[in-house]
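Heads up, the thing below is written out as structure tokens.
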Amino acid sequence: MDGIKLENITYTYPGASQPVLKKLNLQLPRGQWTTLIGKNGSGKSTIARLIDGLLVADEGQVIVNGLTVTEDHLTTLHRQVGIVFQNPDNQFVGATVADDIAFGLENQQLPRDEMTRRIDKALARVGMSQLADTEPSLLSGGQKQRVAIAGILALEPQVIILDEATSMLDPAGRQTVLNLLAQLRQEESLTIITITHDPVEMTMADKIVVVDQQGIADEGPAGEILCQADLLHRLGVGIPVAQDLSERLAALGVAVPAGYLTTNEMVEWLCRKLS
Amino acid sequence: MTNAIVFGSYVPGDSRLHRLDPRAKLLLCIAYVILVFFANSWATCLLLVAALLVTMVMSRVSFRLYWRGIRPLAWIILLTVAFQVLFSTGGPVYWRWWLFTVTRDGLVNSLIIFFRFMVIVTASTVLTATTPTLRIADALSWLMQPLKAIKVPVNQITLMISIALRFIPTIMDEAVKIANAQRSRGMNLDEGGLIRRLTRMVPILIPLFVDSFKRAEELATAMEARGYDPAAPRTHYRQLHWYRRDTVSLLLLLALAVAVLTLRFVI
Amino acid sequence: MPEIKLNNVAFAYSNSKQRALTEVNLTIPAGSYTALVGHTGSGKSTLVSLIDGLLKPTAGQITVGKQTVDASARRQDLAKLRQHVGFVFQFPEQQLFAETVAKDIAFGPENLGWGQERVATAVQEALNAVGLPADLAERSPFMLSGGQMRRVAIAGVLAMQPEVLILDEPTAGLDAKSTEQLLNLIATFHQEGRTIILITHQMEQVARYADQVVVMNHGQLVTATTPAQLFADSQLMAANQLNRPAAVQIAHQLRKRGVDLQAVLTLDQLAKTLAPRLKGGTD
């Protein structure tokens, strides 16, 4: 069975009175880009950690590309699923860029020749070959996150998860990371999962899943979710620019097209109406 | 951004000394330090100083930079020497006042201590100036390998050291930032006695600890996600290469050792 | 109300030959809302650290109100700048340290040497000003949510009753809703008469709130102008790696396609400009 499947998942954090997720069911097809959105503390990160086996569900099971998440499969799982976390500094283990990418490969006990080959390739893919011997203190946040992505790519994974990985970056850094992701999605076998509050990042996804009140509140193609302004407001996430404008126009009594428009589509529509 | 020059920081370069295998340099440094304790005459001391000066010149690191590295320790050295001069006894007395006496033995001893201190500090500065900290950690790990036989978790310890080294600049930056934030809230670190100054550190230290714990926790999760298992074996990307020049350097040191020991015990 | 004036200010870190800041001349009028923009490492943080007296200029004079400092200033002189200026650092929640929220907020006022009663009142007012309930005062700041912790940290600066408030990326890492609330809060501080200096990467924030925008690049002040003028100059924007706000971008695209449109800064203005014409077209 391809893709990721969460079946009847319940998870309670130690010491918490309420489960954060309750009887949750979710299916993410292989090779798609899914974005999880929801309020802080709604359990989005918990889902990411359950998929990577960093947390083990109280009930239910998680299946990643046919592999059930259990203690016995953790080594395979950590190779197949990579997570980029929020703080660029706190996931940089190596003393240099190359050393950091090597970290995961060393854990997989790969021979050195293979490591060198994979590090070179991963660095080229994230556009950082020039900086292989650079120390982390000389890198920008965006560069560190690209190193984190390279560290995952070097493991030749099937799933890559970005848990608010762009939220601490400046706009330039965020843009380079998002460009890199857009480039990676071309590889149809790679499943991308992002957790974000950023409307631009949301519009890039194929599918959006709304996590709320211990479960999945809604899911669907990105356009379908992004045109529900009320929902986005309630969740506290950002609203895509075109949607924001269309909402303001509607409030002023303009008959706007129903459904989601990209910024370009919005400009098109305005031009048609105004000329 | 803090890039203050601290004791033992690396000075990038491409001299013969820079290119030596860190294991060779570490062994040389240790052997040299041991030799220093055998030096008891003008001849032996001069020989060792000469050898050190040659290596310093070969490192192509300016003496000014070496001095900057050693300077912070100068106070400790001077204090120890002064202590030795004023309090040790034996031999003819040159000067006496209250508790203090200056004797010939005291002078000789303090001279020897001064010599040892300076030479050892300088030698280790040569090592750290020509070898990135990370490579020294690699060499240390190699040196500790035999300890595995007595169940010392050498690999975990070395990984721990290299992560600690990696996070020093990050945490230094954080400390500066927090100190600035508290200064901006009117905290004054420069007034009052020692105790008052120490209690004033609390608003800096607590946030720094909280932050470091958070970092450690996140780092542990990230490492686990990347497949780190302390119990499992790992391969190593960083590999050290031993060349003929490394063997030659050890042979040179051997020659120096023979010379010093002959001067000490035979002649 | 203090005016801030920088006259030929330069700054270099002692261990670096490169100047972090060169020949900055700038006036920040009392009561203005000044945005400070520029890419990471452009000298924004150095500039505000100088205004707050955390750094001493290597050349030039900095005047805040009646207090002027230059390269010869003593520590106490620099500290006097801070009597007027409050500085909310990036991720300020990381500076919290006390057992209770109230004690943490009281730290600044106590350092100013205020009496107990005055401190207590200041703490109450600050909590109130950042929109936190009074019963939070006796809780541990470390038990609060991230957004609440940030408010406590801001309250800690507000309690010192500064006339100038510097905020370095105050909304970094917050979700859209908390960002909106915090920006409204800052706008209130401004309406109450404080001078606001906002460091930000978000041009939307500049467009919506600032009356003056200062662009920094490589330690130099590129320009100090109005947001409208800055966003109209696409060359200047590009040269300093600044993004245009969404509304400006859409308006620009429309204009390129032949739609005659006046200058707008925010989506709200854009909608108000377009609405009558769109309605006219449909009916």
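The values are calculated or read from the model by the stated rules, or taken from the named source; none is laboratory data. The structure presented is a predicted model; accordingly, all values stated were derived computationally and were not measured. Every residue, glycine among them, receives a Cβ derived from its backbone with ideal geometry; neighbour counts consider all protein chains shown. Ligands, DNA and RNA are excluded from the accessible area calculation, which covers all protein heavy atoms including side chains. Shrake-Rupley method; radii C 1.70, N 1.55, O 1.52, S 1.80 Å.
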**Prompt:** Residues of the stretch C:141-171 being part of a loop (DSSP other than H, G, I, E, B), within 12 Å of chain A (Cβ to nearest Cβ) and more than 12 Å from the chain's Cα centre (by Cα), which ones?
**Reply:** C:SER145
**Message:** Quick check on B:SER62: is it without any contact (Cβ under 8 Å) to a residue 40 or more places away in the chain and either outside the structural domain of B:LEU261 (by TED's automatic domain parsing) or within 16 Å of the chain's Cα centre (by Cα) (or both)?
**Reply:** no
**Request:** From the list C:GLN269, C:GLN235, C:GLN249, C:GLN241, pick out the single residue that is open to solvent by 70 Å² or more (accessible area, probe 1.4 Å) and either touching a strand residue (DSSP E or B) at 6+ places or on another chain (Cβ under 8 Å) or part of a loop (DSSP other than H, G, I, E, B) (or both).
**Result:** C:GLN241
**Message:** Here's a check for you: in the stretch A:255-275, which residue that is within 8 Å of chain C (Cβ to nearest Cβ) and more than 22 Å from C:GLU204 (Cβ to Cβ) is least open to solvent (accessible area, probe 1.4 Å)?
**Reply:** A:CYS271
**Asked** Can you name the residue in the stretch A:121-180 that is closer than 25 Å to A:ASN107 by Cα and of a type in the set (Lys, Arg) and is also nearest to the other protein chains (Cβ to nearest Cβ) among such residues?
**Response** A:LYS144
**Asked** Looking only at the stretch A:200-215, which residues are surrounded by 20 or more Cβ atoms within 10 Å (Cβ to Cβ), of a type outside the set (D, E, K, R) and not in a loop (DSSP other than H, G, I, E, B)?
**Response** A:MET202, A:ILE208, A:VAL209, A:VAL210, A:VAL211
**Asked** Which residues, counting only those in the stretch A:58-114, are hydroxyl-bearing (Ser, Thr, Tyr) and within 7 Å of chain B (Cβ to nearest Cβ)?
**Response** A:THR75
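Results for (1) under 27 Å from C:VAL215 (Cα atoms); (2) of a type in the set (A, V, I, L, M, F, W, C); (3) in contact (Cβ under 8 Å) with a residue 40 or more places away in the chain, shown as yes or no for each residue.
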position: C:LEU127; (1), (2), (3): no, yes, no
position: C:LEU136; (1), (2), (3): no, yes, no
position: C:GLY147; (1), (2), (3): no, no, no
position: C:ILE154; (1), (2), (3): yes, yes, yes
position: C:THR171; (1), (2), (3): yes, no, no
position: C:ARG194; (1), (2), (3): yes, no, yes
**Prompt:** For residues in the stretch C:82-126 being farther than 30 Å from C:GLY146 by Cβ and within 10 Å of another protein chain (Cβ to nearest Cβ), which is modelled with the highest pLDDT?
**Reply:** C:GLY113
**Complete:** Over the stretch A:41-57, the set of residues within 9 Å of chain B (Cβ to nearest Cβ) and open to solvent by 40 Å² or more (accessible area, probe 1.4 Å) is A:ARG49
**Asked** What helices (runs of 4 or more DSSP H) lie completely within the stretch A:106-184 and have 3 or more residues being at pLDDT 95 or above and small (Gly, Ala, Ser)?
**Response** A:141-153
**Request:** Six or more apart or on different chains, Cβ under 8 Å: which pairs go from a residue in the stretch B:192-219 that's under 19 Å from B:GLN182 (Cα atoms) to one that's among the polar types (S, T, N, Q) and open to solvent by 40 Å² or more (accessible area, probe 1.4 Å)? Could you list them?
**Result:** B:ARG200/B:ASN188; B:PRO207/C:GLN94; B:VAL210/C:GLN94; B:ASP211/C:GLN94
**Message:** Anything in the stretch B:79-113 that is in a strand (DSSP E or B), open to solvent by less than 70 Å² (accessible area, probe 1.4 Å) and hydroxyl-bearing (Ser, Thr, Tyr)? List them, or say none.
**Reply:** B:THR101, B:THR103
**Any hit, the stretch C:255-262, residues being more than 24 Å from C:ILE166 (Cβ to Cβ), open to solvent by 60 Å² or more (accessible area, probe 1.4 Å), more than 11 Å from chain A (Cβ to nearest Cβ) and in contact with a strand residue (DSSP E or B) (Cβ under 9 Å, 6 or more places away or on another chain)** = no
**Item:** Any hit, the stretch B:244-258, residues being modelled with pLDDT under 95, surrounded by fewer than 15 Cβ atoms within 10 Å (Cβ to Cβ), touching a Lys or Arg at 6+ places or on another chain (Cβ under 8 Å) and in the same structural domain as B:ALA31 (by TED's automatic domain parsing)
**Value:** yes
**Request:** Please state which of the following conditions B:LYS148 fails to meet, knowing it meets all the rest: (1) in a helix (DSSP H, G or I); (2) more than 14 Å from chain A (Cβ to nearest Cβ); (3) open to solvent by less than 30 Å² (accessible area, probe 1.4 Å).
**Result:** (3)
**Item:** Selection from the stretch C:86-129 of residues that are part of a helix (DSSP H, G or I), more than 23 Å from C:ILE51 (Cβ to Cβ) and open to solvent by 30 Å² or more (accessible area, probe 1.4 Å)
**Value:** C:LYS103, C:GLU110, C:GLN116, C:GLU117, C:ARG118, C:ALA120, C:THR121, C:GLN124, C:GLU125, C:ASN128
**Prompt:** Could you say whether any residue in the stretch C:132-139 is within 14 Å of chain B (Cβ to nearest Cβ), open to solvent by 10 Å² or more (accessible area, probe 1.4 Å) and under 23 Å from B:ILE178 (Cβ atoms)?
**Reply:** no
**Asked** Does the stretch A:59-70 contain at least one residue that is in contact with a helix residue (DSSP H, G or I) (Cβ under 6 Å, 6 or more places away or on another chain) and in a helix (DSSP H, G or I)?
**Response** no
**Asked** Which strands (runs of 3 or more DSSP E) sit wholly inside the stretch C:1-65 and have at least 3 residues that are open to solvent by 10 Å² or more (accessible area, probe 1.4 Å)?
**Response** C:4-12, C:19-28, C:59-64
**Asked** Looking at (1) modelled with pLDDT of 90 or more; (2) in a helix (DSSP H, G or I), which is the only condition B:GLY227 fails?
**Response** (2)
**Item:** Failed item in (1) touching a residue at least 24 places away in the same chain (Cβ under 8 Å); (2) surrounded by fewer than 23 Cβ atoms within 10 Å (Cβ to Cβ); (3) over 19 Å from B:GLU217 (Cα atoms), with A:GLN86 passing the rest
**Value:** (3)
**Item:** Search result, residues across the stretch A:187-209 that are more than 14 Å from chain C (Cβ to nearest Cβ) and modelled with pLDDT of 90 or more
**Value:** A:LEU190, A:THR191, A:ILE192, A:ILE193, A:THR194, A:MET204, A:ALA205, A:ASP206, A:LYS207, A:ILE208, A:VAL209
**Asked** Exactly one of (1) open to solvent by less than 60 Å² (accessible area, probe 1.4 Å); (2) within 11 Å of another protein chain (Cβ to nearest Cβ); (3) part of a helix (DSSP H, G or I) is unmet by C:LEU230. Its number?
**Response** (2)
**Request:** For the stretch B:174-209, enumerate the residues that are part of a loop (DSSP other than H, G, I, E, B) and either on the phi > 0 side of the Ramachandran plot or at the interface with chain C (Cβ under 8 Å from one of its Cβ atoms) (or both).
**Result:** B:ARG185, B:GLY186, B:MET187, B:ASN188, B:ASP190, B:GLY192
**Asked** Given the structure, is A:VAL237 within 13 Å of another protein chain (Cβ to nearest Cβ), open to solvent by 10 Å² or more (accessible area, probe 1.4 Å) and under 27 Å from A:ILE149 (Cβ atoms)?
**Response** no
**Request:** State all residues of the stretch C:195-227 that are open to solvent by 30 Å² or more (accessible area, probe 1.4 Å) and assigned to a loop (DSSP other than H, G, I, E, B); if no residue qualifies, say none.
**Result:** C:HIS201, C:GLN202, C:ASP211, C:HIS218, C:THR226
